[in-house]
Each structure stands twice: as structure tokens, then as C-alpha cells.
Amino acid sequence: SVRGTAGGEGFSSYRLQAGQGLNPRSWVQIGETGTQPVENGLLAVWNTSASPDGLYALRLLVTRQDNRVETAVLQVTVDNTAPGAQITFPSPTQAIPVADTVLLQASVEDNLGVQRVEWLLDGSLLAESNQAPYAVAWQPIQGNHRLQVRVTDLAGNVSESEIVEFSVK
């Protein structure tokens, strides 16, 4: 959803356009031409799911009754690529001796940035972290366990690691 204001004195219509890159050579209209003023509301819905990741410019063109056109441009980043996550400790089927503290570790990557990493132990939230290195100290409990991390990137894309099954003896 692209929200904003298109109106003012002598308003006639508005168009919202998108172009790829910092200074687009071509523009594509998003939605229909608006004939009613909009104040802090929905201007158009832009489906970016088929758009390549990267920098885009959104251009709002407001036409006045005297045919003057006012333009506003905003740079945005499209990110449809989900982050990646892999548990690096413990390894699958590893038997960990009972200890005071164990450091659970994961490797996390994203093309633009990570917002949150959630540590799920046996299906329940154990901890959250938001900066590298991605690790959490855990007081081990004897028995069999299942560990997974869920990663959310800055664009809201979410992915989960494979579940690692391990035991504490």
C-alpha cells in the first residue's frame, strides 16, 4: 500500500508511478489515475512480488486544473528475498553433556539486514536477538530437544532454519 497526500488548490487528478533505479529511464503507472483528492490516505497498491530486488523511485504526479503538473519523488527499496538461517551449534543428532551453560549458535544472512532472530526450543520461544553474532546462552535440560531459528529481515520477509534434533545427557 502506498499512502500519502494528493490534493490542494486547483486539484484535477494524480498518478503514481514507479521506476527502477536511482534515476529511472522509464516509469510504470501504479493503479488507476485518481480523480479525487487524497489526504494521508491510500494512493495505490503496488504489487512488488514480481519486481527484482533493488532501489526504486516512486513518483507522484499531481495535475492542477490549469494543467500544471507538480511532482514528488521518493526512493524505496524492494526486498522480496527471504533471509537465510542455519544452526551451527549443536549439530544434528549431537549429544551434549550436561553443563552449566551451552552457547546455541546460528549463521544468519540477508541481502539488506536482519530485524530479529527468534530461537525456538522444543516449539517454544527461548530467546530473541537482533545483532550478530547470533547466539544464545542456554542452561541445558537433560533429554531430547528440537532447535530451530526463525529470521525476520528488515522488509518483513521471514524464513526458518531446518530443525536440529539433539540430546543432552
> What number comes out for the charge environment of Asn157, summing +1 per Lys or Arg and -1 per Asp or Glu over other residues with Cβ under 11 Å away?
Replying inline: -4
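Loop only by DSSP, 12 or fewer other Cβ within 10 Å of the Cβ. Give me the trypsin sites (Lys or Arg not before Pro) in the stretch 65-168 that pass, ordered by residue number.
Arg68
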> Rolling a 1.4 angstrom probe over the protein heavy atoms, how many square angstrom per residue are accessible across the chain?
Replying inline: 59 Å²
> Rg and Dmax of the stretch 93-169, Cα atoms, in Å?
Replying inline: 13.0, 40
>> Rolling a 1.4 angstrom probe over the protein chains, ignoring ligands and nucleic acids, what is the accessible area of Ile87 in square angstrom, nearest 10?
In response: 20 Å²
> Which FRET efficiency value, to the nearest 0.05, is calculated for Trp27 and Ser159 with the Förster distance at 30 angstrom and r the Cβ-Cβ distance?
Replying inline: 0.40
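State the percentage of accessible surface on the chain attributable to carbon and sulfur atoms; use a 1.4 Å probe and exclude ligands, DNA and RNA.
46 percent
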> the chain: longest stretch without exposed GluC sites (Glu not before Pro) (DSSP loop, at most 16 other Cβ within 10 Å), sites themselves excluded?
Replying inline: 10-161
> Could you give the distance between the Cα centres of the stretch 88-125 and the stretch 1-74, to the whole Å?
Replying inline: 43 Å
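Provide the net charge surrounding Ser12, with neighbours chosen by a C-beta distance below 10 Å and charges set as Lys +1, Arg +1, Asp -1, Glu -1.
+1
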>> P(r) for the stretch 1-65, please, calculated from all Cα pair distances in 10 Å bins and given in %.
In response: 22, 50, 25, 4
>> How large is the translational diffusion coefficient of the chain in µm² per second when you combine the Kirkwood radius over alpha carbon pairs with Stokes-Einstein at 25 °C and 0.890 mPa s?
In response: 127 µm²/s
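The values are calculated or read from the model by the stated rules, or taken from the named source; none is laboratory data. All values derive from a computational prediction rather than experimental measurement. No Cβ is skipped: glycine too gets one built from the backbone with ideal geometry, and neighbour counts run over all protein chains shown. In case anyone asks, the SASA skips ligands and DNA or RNA and just uses the protein heavy atoms, side chains included. Shrake-Rupley method; radii C 1.70, N 1.55, O 1.52, S 1.80 Å.
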